[in-house]
1. Working only within region 87-114, note down all residues that are of a type in the set (Lys, Arg) and at pLDDT below 90.
2. What number of residues within region 81-99 satisfy the criterion of being β-branched (Val, Ile, Thr) and either assigned to a helix (DSSP H, G or I) or over 26 Å from the mean Cα position of the chain (by Cα) (or both)?
3. Kindly indicate whether any position in region 75-91 is touching a Pro at 6+ places or on another chain (Cβ under 9 Å), surrounded by 15 or more Cβ atoms within 10 Å (Cβ to Cβ) and not aliphatic (A, V, I, L, M).
4. Thr124: surrounded by 11 or more Cβ atoms within 10 Å (Cβ to Cβ), of a type outside the set (A, V, I, L, M, F, W, C) and assigned to a loop (DSSP other than H, G, I, E, B), yes or no?
5. Could you tell me whether region 94-101 includes any residue that is out of contact with any Gly (no Cβ under 7 Å at 6 or more places or on another chain) and closer than 17 Å to Lys59 by Cα?
6. Read through the list (1) more than 14 Å from the chain's Cα centre (by Cα); (2) hydrophobic (A, V, I, L, M, F, W, C); (3) part of a helix (DSSP H, G or I), then give the number of the only condition that Leu130 fails.
7. What pairs come out if I take residues in region 90-111 that are on the phi > 0 side of the Ramachandran plot and pair them with residues that are acidic (Asp, Glu) whose C-beta lies under 8 Å away, six or more apart or interchain?
Amino acid sequence: MLFKNRTAWEVSETERKYKQRKNKKFGAGPGTANSTRRNKTFHIDDAIKDFIQEAGYEKKLTDVHLFLHWEEIVGHAIARVTIPEKLERGRLTVKVLDDSWRHQLHYMRQELMDKINLATRENTVREVMLTR
């Protein structure tokens, strides 16, 4: 051990002085331009939104929102007979459990797209494919 025969206070004091010298050497001390601690405060929701945008997760979260809230978006009756399978390049593939419903939903595709795009607040879906 490096600090043999020293008290805890002496060890912590030595570590503190070492960190101060290191911060001065590399310019990362408090109040410098490279400081990791800034005087600017902000809300955690803003920080999370910034992180999501910078990391590129915004599109994926929109897709997840669509799948998680499918029943709320399309309504209970349609959600009972449909399962959203995938969303790729604006094309939503929806599995329909009944042929008569698939026929009916074929004529309601535009209405489904409008509901989905309204719920996601962007033009997420440009085409709906109905499969069996």
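The values are calculated or read from the model by the stated rules, or taken from the named source; none is laboratory data. For clarity, every value in this text was computed on a predicted model and none was experimentally measured. Counting neighbours? That spans all protein chains shown, and the Cβs are built from the backbone with ideal geometry, glycine included.
1. Hit for region 87-114 is Arg89, nothing else.
2. 2
3. no
4. Answer is yes for this residue.
5. no
6. Looking at each condition in turn, Leu130 falls short on (3).
7. These pairs meet every condition: Gly90/Glu127.
Conditions (1) touching a strand residue (DSSP E or B) at 6+ places or on another chain (Cβ under 9 Å); (2) more than 30 Å from Asp114 (Cβ to Cβ); (3) modelled with pLDDT under 70, marked per residue:
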site	(1), (2), (3)
Ser12	no, yes, yes
Arg16	no, yes, yes
Lys22	no, yes, yes
Arg38	no, yes, yes
Ile44	no, yes, no
Gln53	no, no, no
Gly75	no, no, no
Ala79	no, no, no
